[in-house]
Amino acid sequence: MEMRADLVIVGAGMVGSALALALQHSGLDILLVDGSPLSVKPFDQSAAFEPRVSALSMASQRILERVGAWPGIEARRTSPYGEMQVWDGSGTGQIHFSAASVHAEVLGHIVENRVIQDALLEQLHDTDLGLLANARLEQLRHSGDDWLLTLADGRTVRTPLVIAADGANSAVRRLAGCATREWDYLHHAIVTSVRCSQPHQLTAWQRFTDDGPLAFLPLAREDGSQGWCSIVWSTTPTQAERLMALDNDEFCRELGKAFEWRLGQVLEADPRLCIPLRQRHAKRYVEPGLALIGDAAHTIHPLAGQGVNLGFLDAAVLAEVLLHAVERGENIADERVLSRFERRRMPHNLAMMAAMEGFQRLFQADPLPIRWLRNSGLNLVDGLAEGKALFVRQALGLSGDLPALAKA
Ligand SMILES: Cc1cc2nc3c(=O)[nH]c(=O)nc-3n(C[C@H](O)[C@H](O)[C@H](O)COP(=O)(O)OP(=O)(O)OC[C@H]3O[C@@H](n4cnc5c(N)ncnc54)[C@H](O)[C@@H]3O)c2cc1C
């Protein structure tokens, strides 16, 4: 049986789900397809933390509020953070950011990806948007003016507009032949949750080590204790392999040392995940009848925790562009319409990716003069209230060309 839709979103991850919800009152016949079961797990406050978390910016929080998912996130588990401490492990440079410096209540929230995903799915199940679970896209081809999608179970869908929200290894991007620029960071990220002997003080901590950045992000427990942190330890593949092979006690000891025991001893660690890091950017986000959003369009180093924040902004801008086009009676699959999305998002995403690349290179540079410059630079910027406020506004996601969904 062949299905039809005005618009098919492939991938009901965090970004694809947010886009579908933002378009729920568009009057368009929307189908969201995903290879996974898309079921919402009952949430247990006392359960162990999921290893994958995101530092959500204020802009992402607003988008999630407007699509109705924020209450579901708050009802599960989220930790606000109001301060950020960053320092150079091989020198004296350090910098401190605070929400108070820009009269904000928080810099952001640390939320488990599963929590964000389930809160979005819960909303989706309450709408009359078409949702196909266990529906892995296997083939994509042009058929007249439309696309014909073939799913793993043999079902087919015809549509004039496909949105790729199917993540870093996007099948849509590959099947449609979209070109990318990509390179290895030669970094792997070890992620897990750990309990420290000292409280995290609702602060996001980041130490730049010789091998890469190590972040401790605050997690919330139902009893209000502040011992648990999510860690992202980016390091060379060889070092990552060694760290993954350590037993728990040895891992906790090495982690505490690499973090200069800023939060005391690392007392326990959950099972670790190791993720190879790769930078990838699609040369174009759109072509006639096709748009790429979220990780399908760009993946960036997690050192500033911006990946899904950029993805939510992609979703909010694309929704805005499509809603305007519907209002004006334009063809939403027309490349001229879709290019409005690309013009607004590509410069912003590229600037963020370049900044992360610059940071990563600066902190990996070993020559003494560069180390000296970077340490003095950090300390200098730390003393500049205006410069820091600019950076904080950027981190909150509140600068640049914001879609209505992310505005106050
Ligand atoms: C170590 C690490 C730490 C990070 N920390 C942060 C952070 O603090 N803050 C932040 O903003 N970002 C962070 N990120 C980035 C963030 O995790 C990603 O940007 C985000 O998960 C991308 O979301 P997405 O919805 O675009 O893709 P995904 O989450 O990958 O979702 C893709 C969806 O598509 C579906 N799918 C895939 N293929 C198919 C197919 N063929 N057919 C049908 N469905 C398909 C999948 O089932 C999935 O549901 C981090 C990344 C890493 C690696």
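Calculate, in nm to one decimal, what Arg4 and Leu390 gain on full extension: separation in residues at 0.36 nm each, minus their alpha carbon distance. List each step's numbers first, then the result.
Values: separation 386, 0.36 × 386 = 138.96 nm, distance 4.68 nm.
Once the chain is fully extended between Arg4 and Leu390, it gains 134.3 nm.
Based on alpha-carbon atoms, the Kirkwood radius and the radius of gyration of the stretch 187-277 give Rg/Rh equal to 0.94. Working from label points 7 Å from Cα in the Cα-to-Cβ sense, the Ser46 to Arg221 distance is 1.3 nm.
Dipole size in debye (nearest 20) for the stretch 224-334 around its Cα centre, Lys and Arg Cβ +1, Asp and Glu Cβ -1? Walk me through the intermediate numbers first.
Values: 10 positive and 15 negative charges, 68 e Å.
Its charge dipole is roughly 320 debye.
A full extension of the chain between Asp29 and Ser98 corresponds to an added length of 20.4 nm, given 0.36 nm per residue minus the alpha carbon distance.
Accessible area of Phe391 (1.4 Å probe, protein heavy atoms only, ligands and nucleic acids ignored): about 90 Å². Per residue, the average separation of C-alpha pairs within less than 8 Å and at least 6 apart gives the chain a relative contact order of 22 percent.
If you place +1 on the Cβ of every Lys and Arg and -1 on the Cβ of every Asp and Glu, how big does the dipole about the Cα centre of the stretch 187-277 come out, in debye to the nearest 20?
Details: 8 positive and 12 negative charges, 42 e Å.
For this selection, approximately 200 debye.
Relative to the Cα centre, the charge distribution of the chain, modelled as +1 at Lys and Arg Cβ and -1 at Asp and Glu Cβ, gives a dipole magnitude of about 780 debye.
Can you compute the helix-only [θ] at 222 nm over the chain? Use -39500 (n - 2.57) per DSSP H run of at least 4 residues, normalise by all residues, nearest 500 deg cm²/dmol. For the chain, the value works out to -11000 deg cm²/dmol.
Projecting the Cα atoms of Cys229, Trp205, Met244 onto the charge dipole of the stretch 187-277 (Cβ charges, centred on the Cα centre) puts Trp205 farthest toward the positive pole.
What is the gain in length, in nm to one decimal, between Val326 and Thr156 on full extension, counting 0.36 nm per residue of separation less the C-alpha to C-alpha distance? Don't jump to the answer; show the numbers that get you there.
Working: separation 170, 0.36 × 170 = 61.20 nm, distance 2.55 nm.
So the extension gain works out to 58.6 nm.
In summary, the aspartates and glutamates within cross-link reach of Lys41, defined as a Cα separation below 17 angstrom excluding same-chain residues under 8 places away, comprise Glu50, Glu74, Glu112, Asp118, Glu122, Asp126. Summing Lys and Arg as +1 and Asp and Glu as -1 over all other residues whose Cβ lies under 9 Å from the Cβ of Val321 gives a net charge of +1. Relative to one another, the C-alpha centroids of the stretch 101-178 and the stretch 38-68 are positioned 17 Å apart. Result for the chain in a Gaussian network model with C-alpha springs under 10 Å: among Ile116, Ile275, Ile30, the largest mean-square fluctuation is at Ile275. Taking every DSSP beta bridge that has both ends in the chain, the antiparallel portion is near 70%.
The values are calculated or read from the model by the stated rules, or taken from the named source; none is laboratory data. Every value quoted in this text rests on a predicted model; they were computed, and no experiment measured them. Note that we place each Cβ from the backbone using ideal geometry, even for glycine, and neighbour counts take in every protein chain shown. When the accessible area is computed, the model is the full protein with side chains, heavy atoms only, and any ligands, DNA or RNA have been set aside. Shrake-Rupley method; radii C 1.70, N 1.55, O 1.52, S 1.80 Å.
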